[in-house]
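The values are calculated or read from the model by the stated rules, or taken from the named source; none is laboratory data. Everything numeric here is computed off the predicted structure, so don't read it as measured data. Please note: Cβ atoms are built from the backbone with ideal geometry, for glycine as well, and neighbour counts cover all protein chains shown. Please note that ligands, DNA and RNA were not included when accessible areas were found on the heavy atoms of the full protein model with its side chains. Shrake-Rupley method; radii C 1.70, N 1.55, O 1.52, S 1.80 Å.
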Amino acid sequence: ILTLITKFTEMSSRQSLFKSLVEFLQDSGYLRYLNGTENQENRQALSDLTQFANKIKNFAQNNPSSSLSDFLQLLEMEMTAGESGLLAFDPDIGPDMVKLMTVHGSKGLEFPYVFVCGMIERKFPSDNRSENIPMPEIFVKEKNSANNSHLEEERRLFYVAVTRAKKGLFFTWAKNYGTERDRKPSKFLLEAGFTDFDNFIAVSTNLWSSIGDNQKKEVGAKPIIPESYSISDMELFEKCPLQYKYRKIIKIPTFGSGVLTFGNTMHAVLQKFVSEFVSLGSISQTDLFGDLAKSTKPDEKRLWQIYDECWQDDWYKSEGEKKVFKQKGREILQRFYRDFTKENPVVKFLELPFKIKINGNLFKGRIDRLDEKDGLFEIIDYKTGRPKEKLTAEDKRQLVFYQLVAEEVLQVQLKGLSYYYLENGTKMEFLATKKDKEKLIETVNENIEQIKNNQFSPKPSEFSCGFCDYKNICEFRKF
């Protein structure tokens, strides 16, 4: 433990907080431990870790020059202000737990099972207490005594409490709470029609026994189903269903890489540069296909300003690697600037968000660029990797999916789908056939069916496992 603390204290001073956290979780063996047993408690722990990691990531993004001590100071301030950490909780997946709150705090909420505790006289309803600030008589609707007004308010609270339950409602009390005298059940129970308390207790006990185990079994077996998917999700699932589960279902925090950081940087630069070159007033979702007024020739100096603004330092292994990638980015952008200004394309949209349902399943994504020429449209997807001599069916899948979106959602006629390889400025263009689209839909439906049935069998191989983010915690790894 001391070795880990020493190592990561030093490490946090020279790299991002999020990277330090992920490396700590890996090196400490905690992720491997949580992943070793599939149960509700470990699943919830992984969910909590993911939310905490996202909190650190958001803090670092909003405060680029922040340190670990800055983040700890923020946590201390939040806790001092009464914030104990709001973590998302899904009662359908567990863990088994009790949510404790006041009746006032439960207003507007509903729960499968509700327990109203302390149902005894002088507790619920409680004794009348004088108000710190007396209510003027003109504002009091009831013409009752102060004691009756208090009782009516307590009765309204009782009504709130009992109407929070959707499946089961339980009242609890004790005959004695450590005092000399026994306590009487609340008058509200009598008003609700409960008179035979001995029999009532027996019925409640039997009811809880009958639902407890069955409910737990049902919750434990229920798989987690994503609210939406993407075409990259499908590619990840086919590569290794278990890796998909780790990333999309359990959502284990992962390392980044210099390659991914570089790709994100280049996409951000091109999006910003092209959007400034093409009149922003015409690029909008409300006027998607209107004529775009071109500005004057784009300024190359502005391109380098944007490059510096969008550059990200995260996840490079060393200063040397970062320097190599930064020089590579300059070469790519110089070539892109030359070709773009020469071609002078009519860009209709950038980073176009979309939603589409396939067999009732929601898919979301973004299209890098949509160009128009002579009334026909071209979808362009930027690639920072090495160009390929020939595209396989798997390579084409992403653009085939975008073609479905363009034809069914945007309802435009396409002249081509293009991968634009930034490394050498080449394009590989094709157009999907009806058979290509039908095959894609068939594959997508098969994948989602397996996901919904909780089928995440591993597909280990020496090549893929060597590059997997979860190779250090996966028992099926081969490398």
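Some observations on this one:
- Which numbered condition residue 454 misses (of (1) among the polar types (S, T, N, Q); (2) farther than 30 Å from residue 270 by Cβ; (3) more than 25 Å from the chain's Cα centre (by Cα)): (3)
- Looking at 108, 118, 94, just one residue is at pLDDT 85 or above and either open to solvent by less than 80 Å² (accessible area, probe 1.4 Å) or assigned to a loop (DSSP other than H, G, I, E, B) (or both), and that residue is 118.
- Matching residues, segment 390-426, being small (Gly, Ala, Ser) and within 27 Å of residue 375 (Cβ to Cβ): 406, 416, 418, 425
- Residue pairs meeting the criteria (Cβ under 8 Å; at least 6 apart or on separate chains; first of a type outside the set (D, E, K, R), in segment 318-344; second open to solvent by 100 Å² or more (accessible area, probe 1.4 Å)): 341/297
- Residue that is farthest from residue 315 (Cα to Cα), among those in segment 10-49 that are free of Cβ contacts under 8 Å to residues at least 24 places away in the same chain and of a type in the set (Ser, Thr, Tyr): 37
- For segment 17-48, the set of residues classified as among the aromatic types (Phe, Trp, Tyr) and closer than 15 Å to residue 474 by Cα consists of 30, 33, listed by residue number.
Residue by residue, here is whether (1) among the aromatic types (Phe, Trp, Tyr); (2) out of contact with any strand residue (DSSP E or B) (no Cβ under 6 Å at 6 or more places or on another chain); (3) modelled with pLDDT under 55 holds:
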{"residue": "235", "(1), (2), (3)": "no, yes, no"}
{"residue": "243", "(1), (2), (3)": "no, yes, no"}
{"residue": "273", "(1), (2), (3)": "yes, yes, no"}
{"residue": "281", "(1), (2), (3)": "no, yes, yes"}
{"residue": "290", "(1), (2), (3)": "no, yes, yes"}
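- In segment 1-41, the residue that is modelled with the lowest pLDDT out of those that are β-branched (Val, Ile, Thr) and open to solvent by 20 Å² or more (accessible area, probe 1.4 Å) is 37.
- Criterion (at pLDDT below 90, outside any helix (DSSP H, G or I) and open to solvent by 40 Å² or more (accessible area, probe 1.4 Å)) met by exactly one of 198, 182: 182
- Filtered residue count, segment 405-456, keeping only those that are assigned to a loop (DSSP other than H, G, I, E, B) and either open to solvent by 70 Å² or more (accessible area, probe 1.4 Å) or of a type outside the set (Phe, Trp, Tyr) (or both): 13
- When the residues of segment 241-255 are filtered to those that are over 16 Å from residue 465 (Cα atoms) and in contact (Cβ under 8 Å) with a residue 60 or more places away in the chain, the one that is surrounded by the most Cβ atoms within 10 Å (Cβ to Cβ) is 252.
- Of all residues in segment 365-404, those satisfying the criterion of being within 28 Å of the chain's Cα centre (by Cα) and assigned to a loop (DSSP other than H, G, I, E, B) are 384, 385.
- Pairs where the first residue, in segment 467-479, is assigned to a loop (DSSP other than H, G, I, E, B) and the second is open to solvent by 70 Å² or more (accessible area, probe 1.4 Å), C-beta under 6 Å, 6+ apart: 471/477; 473/32; 478/462; 479/462
- Residue check, residue 349 buried (at least 19 other Cβ atoms within 10 Å of the Cβ) and part of a helix (DSSP H, G or I): no
- Checked against (1) part of a loop (DSSP other than H, G, I, E, B); (2) at pLDDT below 90; (3) among the hydroxyl-bearing types (Ser, Thr, Tyr), residue 464 meets all criteria but (1).
- The set of residues in segment 122-149 that are modelled with pLDDT of 80 or more and either part of a helix (DSSP H, G or I) or not small (Gly, Ala, Ser) (or both) comprises 122, 123, 124, 125.
- Of all residues in segment 355-376 being open to solvent by less than 20 Å² (accessible area, probe 1.4 Å) and of a type outside the set (Asp, Glu), the one that is farthest from residue 418 (Cα to Cα): 361
- Options 439, 459, 415; residue that is in contact with a Pro (Cβ under 8 Å, 6 or more places away or on another chain) and at negative phi: 459
- Residues of segment 383-404 that are open to solvent by less than 60 Å² (accessible area, probe 1.4 Å), among the β-branched types (Val, Ile, Thr) and over 14 Å from residue 232 (Cβ atoms): 384 alone.
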